[in-house]
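Working notes for the structure below.
The values are calculated or read from the model by the stated rules, or taken from the named source; none is laboratory data. Keep in mind that this is a model prediction, so the values were computed, not measured. Reconstructed Cβ throughout: ideal geometry from the backbone, glycine too, with neighbour counts over all protein chains shown.
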Ligand code: FE
C-alpha cells in the first residue's frame, strides 16, 4: 500500500488500515481515447486502477509546481523532445527494470533509464490518389519544389511533430538549407496551417490541396471512423526519405515521476506496456509500430508498405530542436 493511501486512512481515523487497492495516476499528453483500451486491459489483468488526467499544455510546469506532492506516477507523451524536456526538468526518476531493457531496443530508451519509448511512428506524405502519381514525391527535400505551389497543406509548423521533422532536416543539411526549405514549403502552402494532421487529409479530400504531412497512425484511425473514412480513402501514404537517409521517425513513450506515490504499481504498468499483449493493442487499435521486436504491425499498417527508417537517432533530432524552432519562427511559417 502506498504512503499516500496510508496517510489518507489515518486521516480518516481508521484504526486498522483497510486493504486498499493499488492505483496508478497518469498525466497524459496523449488523447485519453487512444490509451484507454490499453489501460482497461491492464486493470482487467492486475486489478490495479489507472486514472488518466489529460494534460494538453503545461505538463512540465505542473509537475515542477507539484514537486514531491504530485499525485502523478507516470507521464505518457509523444515526441522525443517532450520526453527529454520532462527528464531535464528533474521531475522523473530512473527505472531499473530487466523487463523494460529486454523488451525495448536500446535506441528507443534513455541510457540513464528515465524515459522509455513504447511505440514508433513515421512522419509521411499523404498524397491525393487522384492528383498525385505514385513516385511523384519521394523526398522531404522535394516538398520545397515550386511544382507543389498551392498544393501543400500542413498543421502548424510549431507543432512538435513538425519541429522534429525540421530538426531532422537541419541535422541532415545546415541552417541555410533548412531556412530555404522552410520558405519553399511556406511558398507552396494552399492555405494557412490549421488543425491537426487529419484536417489536412480532409482538405485533400475536399480538393483544397494535393499533398500533406502526417503521422502514419492517423490514417488508420481515420479509416476506422465512419465520418472520416471517406477522407482517408482519398489519399495514399508515400514514405519520403531524406537525401542520403530514410523516413523520419518519432516515438511515444513513458517516464516515472520523481514523486510516484505508487511506485511499484506504476513500474508494473510500464512493464506491462512493453509486453506482447500491450504492444499488440498499440498495433491493432492505434495503428502504431510496436517498439518491441517480434510484435507484428497490423495488417492495415503492413499494407502501407515497407520503408527504410532514417539513419538519425532520436537524440540527434532532439539536439537540433531549439535551432529548428528558431528557424520556423524566423520564416514566420504559420502566418
Ligand atoms: Fe498524434
Counting only residues in region 175-192 that are touching a residue at least 40 places away in the same chain (Cβ under 8 Å) and within 16 Å of residue 125 (Cβ to Cβ), the one farthest from the ligand (Cβ to nearest atom) is identified as 184
Flagged in region 53-84 as part of a strand (DSSP E or B) and under 13 Å from residue 254 (Cα atoms), in numbering order, are 74, 75, 76, 77, 78
If we keep only residues of region 233-248 that are in a strand (DSSP E or B) and out of contact with any helix residue (DSSP H, G or I) (no Cβ under 7 Å at 6 or more places or on another chain), then the residue nearest to residue 128 (Cα to Cα) is 236
Considering only helices (runs of 4 or more DSSP H) wholly within region 260-335, the ones with at least 1 residues that are closer than 19 Å to residue 115 by Cβ are 263-273, 276-286, 314-330
Expected single match for in contact with a helix residue (DSSP H, G or I) (Cβ under 9 Å, 6 or more places away or on another chain), without any contact (Cβ under 8 Å) to a residue 12 or more places away in the chain and surrounded by fewer than 20 Cβ atoms within 10 Å (Cβ to Cβ) among 147, 129, 133 is 147
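Let's see how each residue does on (1) surrounded by 19 or more Cβ atoms within 10 Å (Cβ to Cβ); (2) in contact with a strand residue (DSSP E or B) (Cβ under 6 Å, 6 or more places away or on another chain); (3) not assigned by TED's automatic domain parsing to the domain that holds residue 221:
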residue	(1), (2), (3)
164	yes, yes, no
185	yes, no, no
194	no, no, no
197	yes, yes, no
Filter region 110-126 for residues that are farther than 21 Å from residue 245 by Cβ and within 16 Å of the ligand (Cβ to nearest atom); the one that is surrounded by the fewest Cβ atoms within 10 Å (Cβ to Cβ) is 119
